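Below is one structure, written out as C-alpha cells, with a few remarks after it.
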Amino acid sequence: VQLQACGGGLVQTGGSLRLSCAAAGRTFSSLSMGWFRQARGKEREFVSALSGSGNSIYYTNSVKGRFTISRDNAKNTVYLQMRSLKSEDTAVYSCAAERRGYGCSVYGSSYDYWGQGTQVTVSS
C-alpha cells in the first residue's frame, strides 16, 4: 500500500487546514486509517483514526472538537479537517494504514503502512 499525504502548510492561529491522504495498492475500505504527528524534538503522537467502515473513530483529547477525520472509500482517501489551530498543533503529520480494518488503534506499531509526512505550521 502506498500512501500519499498532502495539504499541510502555514496557517495563523485559529485557522483551518485539511489534510488528505490517498492510498493505492489495496482495497481501501479494508484498511483502518490513522493520522499521527511529530513535533520537532518530540516523539510521534497519535492524532486520530477511523476504521475501514468509518463506524469507529477516535481522537486524542487535545484535538477533540477541533479536528475531524473522514474517509471517502470511492476516492481511496482519508481526510483530516483541522480547525481552530493552535501553535501546539505545529508538527509533521503522517497518515498510516492498518490491515486490520475494524481497528482504530492509537499505537503506531499497529499500523502496517506509512505515508510521508506533511508539515503543518501554525503561527501566532
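The values are calculated or read from the model by the stated rules, or taken from the named source; none is laboratory data. This one's a predicted model, so the numbers in the text were calculated from it and none came from an experiment. Every residue, glycine among them, receives a Cβ derived from its backbone with ideal geometry; neighbour counts consider all protein chains shown. Keep in mind that these areas ignore ligands, DNA and RNA; they rest on the heavy atoms of the full protein, side chains included. Shrake-Rupley method; radii C 1.70, N 1.55, O 1.52, S 1.80 Å.
With a 1.4 Å probe and every protein chain kept in, tell me what percent of the accessible surface of the chain is carbon plus sulfur. Spell out each step's value before the answer.
On the way: 2760 of 6230 Å².
C and S fraction of accessible area: 44 percent.
Once you charge only the Cβ atoms, +1 for Lys and Arg and -1 for Asp and Glu, what is the size of the charge dipole of the chain about its Cα centre, to the nearest 20 debye?
Working: 14 positive and 7 negative charges, 25 e Å.
Approximately 120 debye in magnitude.
Which whole-number value in Å² is the accessible area per residue of segment 9-124, probe 1.4 Å?
Working: 5810 Å² over 116 residues.
Dividing the accessible area of segment 9-124 by its residue count gives 50 Å².
Tell me, what is the FRET efficiency for residue 123 and residue 42 to the nearest 0.05, using R0 = 22 angstrom and their Cβ-Cβ distance as r?
On the way: r = 18 Å, r/R0 = 0.83.
It comes out at approximately 0.75.
Report the extension gain between residue 70 and residue 83 in nm, rounded to one decimal, defined as 0.36 nm multiplied by the number of residues separating them, less their alpha carbon distance.
On the way: separation 13, 0.36 × 13 = 4.68 nm, distance 1.41 nm.
3.3 nm is the gain from fully extending residue 70 to residue 83.
In what sequence, largest accessible area first, do 88, 98, 45 appear using a 1.4 Å probe?
Numbers: 88 115, 98 10, 45 75 Å².
Output order, biggest surface exposure first: 88, 45, 98.
Given a Förster distance of 22 angstrom, what is the FRET efficiency for residue 55 paired with residue 24, based on the Cβ-Cβ distance and rounded to 0.05? Mind showing how you got there, number by number?
Numbers: r = 24 Å, r/R0 = 1.07.
About 0.40, to the nearest 0.05.
Please report the accessible area of residue 75 (heavy atoms, 1.4 Å probe, ligands and nucleic acids excluded) in Å², nearest 10.
Counting only protein heavy atoms, residue 75 exposes about 130 Å² to solvent.
How would the chain be classified by its alpha-carbon gyration tensor: rounded, prolate or oblate, with rounded meaning a/c under 1.5 and the a/b versus b/c comparison settling the rest?
prolate
Determine the relative contact order of segment 22-124: mean sequence separation of Cα pairs under 8 Å and six or more apart, normalised by residue count, in whole percent. Write out the running numbers ahead of the final one.
Numbers: 215 pairs, mean separation 33.6, N = 103.
Once divided by the residue count of segment 22-124, the mean separation gives 33 percent.
Heads up, I need the accessible area for residue 58: 1.4 angstrom probe, whole protein in place, Å², nearest 10.
100 Å²
Considering the dipole of the chain built from charges on the beta carbon (Lys and Arg +1, Asp and Glu -1) around the Cα centre, which of 85, 102, 33 is farthest to its positive end?
Working it through, the farthest residue towards the positive pole turns out to be 85.
At a probe size of 1.4 Å, how large is the accessible area of residue 94, to the nearest 10 Å²?
Its heavy atoms expose roughly 20 Å² to the probe.
Excluding residue 52 itself, what net charge comes from residues whose Cβ is under 14 Å from its Cβ, given Lys and Arg +1 and Asp and Glu -1? Provide the component values of the computation, followed by the final result.
On the way: positive: 26, 71, 99, 100; negative: 72, 98, 112.
Charge balance near residue 52 sits at +1.
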